[in-house]
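The values are calculated or read from the model by the stated rules, or taken from the named source; none is laboratory data. Keep in mind the model is a prediction, meaning the values are calculated, not measured. Positions of Cβ are generated from backbone atoms using ideal geometry, with glycine treated the same way; all protein chains shown enter the neighbour counts. All accessible areas refer to the heavy atoms of the entire protein, side chains included, with ligands and DNA or RNA removed. Shrake-Rupley method; radii C 1.70, N 1.55, O 1.52, S 1.80 Å.
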Amino acid sequence: MTLTAKPSVAALCMIALGMMAACSPSSEPEGEAGNEAENITTENSKIGELNATIGGKAYRGETVGAAGERAASAEFRDLGAVKSVKIQAHDPAADGFMQNVLAVEFTLAGSDASAPVAGATISYWPTGMEGSFYHSEGNAPAPQVTLDEVSFEQGAASASGRYTANLCRKADFFSEPDTSDCVTVEGTFDTALHESA
């Protein structure tokens, strides 16, 4: 199934906040979920892979999770009839955990790959949260995600599929996309999913 969407600035900010809360070693989240998220940066294991071509260059990133914990960089949130999925891949060859990060997000109105989907966003963070980044917001053609398989079975949740988008550079969260600096991204993902706390 193919989906297209146009995310808002608020949605973009939620992506950034999610990345910071889930993966930044300098963040100070509260409670048990926060402690689990901090563990991702220090004791993580590969739970999946995301491959891409970004502006003609090959990219390979890994989704990771803390062993024995629910915190992971590939998660879903169960909202009843709707499932929100975030797949955030980290480049194992990068100098830092939050450098060269590629993220694919979407919402599924059901529990299998045939269910209606919406809200697709794709973003690329070559230098981490402190620098400029590339995002699909407002760009044509709209991002597309095609699901091959998805499961939300407890303890065995997973998703696989393909995606494509046109990403344009944004200097910060609230700036307009620079349409003179855009890259095409396309690739595949295959990862386990942890249920978000």
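Phe174: aromatic (Phe, Trp, Tyr) and in contact with a strand residue (DSSP E or B) (Cβ under 9 Å, 6 or more places away or on another chain), yes or no? No: the conditions fail for Phe174.
Which ones in the stretch 141-197 are of a type in the set (A, V, I, L, M) and touching a Pro at 6+ places or on another chain (Cβ under 8 Å)? Spell out the reasoning first.
Of the stretch 141-197, the ones of a type in the set (A, V, I, L, M) are 142, 145, 147, 150, 156-157, 159, 165, 167, 171, 183, 185, 192-193, 197.
Correct list: Ala165 only.
Pairs are defined by a Cβ separation below 9 Å, a sequence spacing of at least 6 or placement on different chains, a first member in the stretch 172-188 that is at pLDDT 95 or above, and a second member that is in a loop (DSSP other than H, G, I, E, B) and open to solvent by 40 Å² or more (accessible area, probe 1.4 Å); the pairs so defined are Cys182/Gly55; Val183/Gly55; Val183/Gly56; Thr184/Gly55; Thr184/Gly56; Val185/Gly55. When Asn139, Asn100 are checked against the criterion of being touching a Cys at 6+ places or on another chain (Cβ under 6 Å) and either free of Cβ contacts under 8 Å to residues at least 60 places away in the same chain or under 15 Å from Ala74 (Cβ atoms) (or both), a single residue qualifies: Asn139. Considering the conditions (1) touching a helix residue (DSSP H, G or I) at 6+ places or on another chain (Cβ under 8 Å); (2) open to solvent by less than 40 Å² (accessible area, probe 1.4 Å); (3) in a loop (DSSP other than H, G, I, E, B), Phe97 is excluded by exactly one of them, (2).
A search for C-beta distances below 6 Å between a residue of the stretch 49-67 that is closer than 21 Å to Ser160 by Cα and any residue that is of a type in the set (Ser, Thr, Tyr), counting only pairs 6+ apart in sequence or on different chains, returns Asn51/Thr188; Ala52/Tyr59; Thr63/Ser73; Thr63/Thr191; Val64/Ser73.
Against the criterion of being touching a strand residue (DSSP E or B) at 6+ places or on another chain (Cβ under 8 Å), over 25 Å from Ile47 (Cβ atoms) and β-branched (Val, Ile, Thr), Thr146 does not qualify.
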